[in-house]
1. How many residues are of a type in the set (A, V, I, L, M, F, W, C), under 14 Å from the mean Cα position of the chain (by Cα) and not in a strand (DSSP E or B) if we restrict to region 12-47?
2. What are the pairs with Cβ atoms under 9 angstrom where one residue, in region 1-15, is touching a residue at least 24 places away in the same chain (Cβ under 8 Å) and the other, located anywhere, is of a type in the set (A, V, I, L, M) and open to solvent by 60 Å² or more (accessible area, probe 1.4 Å)? Sequence gap at least six, or different chains.
3. Considering only region 30-60, how many residues are touching a residue at least 12 places away in the same chain (Cβ under 8 Å) and exposed (fewer than 15 other Cβ atoms within 10 Å of the Cβ)?
4. Would you confirm, using the coordinates I've provided, whether residue 21 is charged (D, E, K, R), open to solvent by 90 Å² or more (accessible area, probe 1.4 Å), in contact with a Lys or Arg (Cβ under 6 Å, 6 or more places away or on another chain) and modelled with pLDDT under 90?
5. Specify the residue that is least open to solvent (accessible area, probe 1.4 Å); the eligible residues are those in region 1-11 that are touching a Phe, Trp or Tyr at 6+ places or on another chain (Cβ under 9 Å) and either small (Gly, Ala, Ser) or in a strand (DSSP E or B) (or both).
6. In region 63-79, how many residues are open to solvent by 60 Å² or more (accessible area, probe 1.4 Å) and in a loop (DSSP other than H, G, I, E, B)?
Amino acid sequence: MAYGLGPLRNLEFLDAGLTNRNWRLACDEGEFALKQVQDVDVAKARRSLETLVLLVRSGLPVRAPRRTTEGAVLAEADRFLADEREQVRAAVTGRPA
């Protein structure tokens, strides 16, 4: 996988997403949320994800995206889901607000 998470142990589709499709991944590196980005173009998705990185660095309690093994915040095309973009963040236990 593009994110260097190790072998996939469990994959669970999360049907609560409004505009994107989401999964919970269990891998050797921990549990993560995978989002298939469908609601914005690649440039806007990258800007949004890089903004999250800056917010984390500023001390705000948000989850930063996990970078790919190449250092990108967003993986494109057949990395996991064909013809889509995806991003991964560490999973947070809880319920949607």
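The values are calculated or read from the model by the stated rules, or taken from the named source; none is laboratory data. Computed from a predicted model, the values in this text were never measured in an experiment. Here Cβ is always computed from backbone atoms with ideal geometry, including for glycine, and neighbour counts include all displayed protein chains. Accessible surface is based on the protein model in full, side chains and every heavy atom, while ligands, DNA and RNA are left aside. Shrake-Rupley method; radii C 1.70, N 1.55, O 1.52, S 1.80 Å.
1. At the first step, the residues of region 12-47 found to be of a type in the set (A, V, I, L, M, F, W, C) are 13-14, 16, 18, 23, 25-27, 32-34, 37, 40, 42-43, 45.
From what is left, the residues that are under 14 Å from the mean Cα position of the chain (by Cα) are 13-14, 23, 25-27, 32-34, 37, 42, 45.
Still in the list and also not in a strand (DSSP E or B): 42, 45.
Of the residues in that region, 2 qualify.
2. Here the result reads 1/8, each pair linking region 1-15 to a residue that is of a type in the set (A, V, I, L, M) and open to solvent by 60 Å² or more (accessible area, probe 1.4 Å).
3. Start the filter on region 30-60 by keeping residues that are touching a residue at least 12 places away in the same chain (Cβ under 8 Å), which leaves 30-39, 42, 45-46, 49-50, 52-53.
Those left that are additionally exposed (fewer than 15 other Cβ atoms within 10 Å of the Cβ): 30, 38-39, 42, 50, 53.
Qualifying residue count, region 30-60: 6.
4. Numbers: charged (D, E, K, R): yes; open to solvent by 90 Å² or more (accessible area, probe 1.4 Å): yes; in contact with a Lys or Arg (Cβ under 6 Å, 6 or more places away or on another chain): no; modelled with pLDDT under 90: yes.
No, not satisfied.
5. So the first thing to find is which residues in region 1-11 are touching a Phe, Trp or Tyr at 6+ places or on another chain (Cβ under 9 Å), and the list is 1-3, 5, 11.
Restricting the remaining residues to those that are either small (Gly, Ala, Ser) or in a strand (DSSP E or B) (or both) gives 2, 11.
Values: 2: 6, 11: 78 Å².
Once the filter is applied, the top-ranked residue is 2.
6. Taking region 63-79 as the starting set, the residues that turn out to be open to solvent by 60 Å² or more (accessible area, probe 1.4 Å) are 63, 66-67, 69-70, 76, 78-79.
Still in the list and also in a loop (DSSP other than H, G, I, E, B): 63, 67, 69-70, 78-79.
Of the residues in region 63-79, 6 are open to solvent by 60 Å² or more (accessible area, probe 1.4 Å) and in a loop (DSSP other than H, G, I, E, B).
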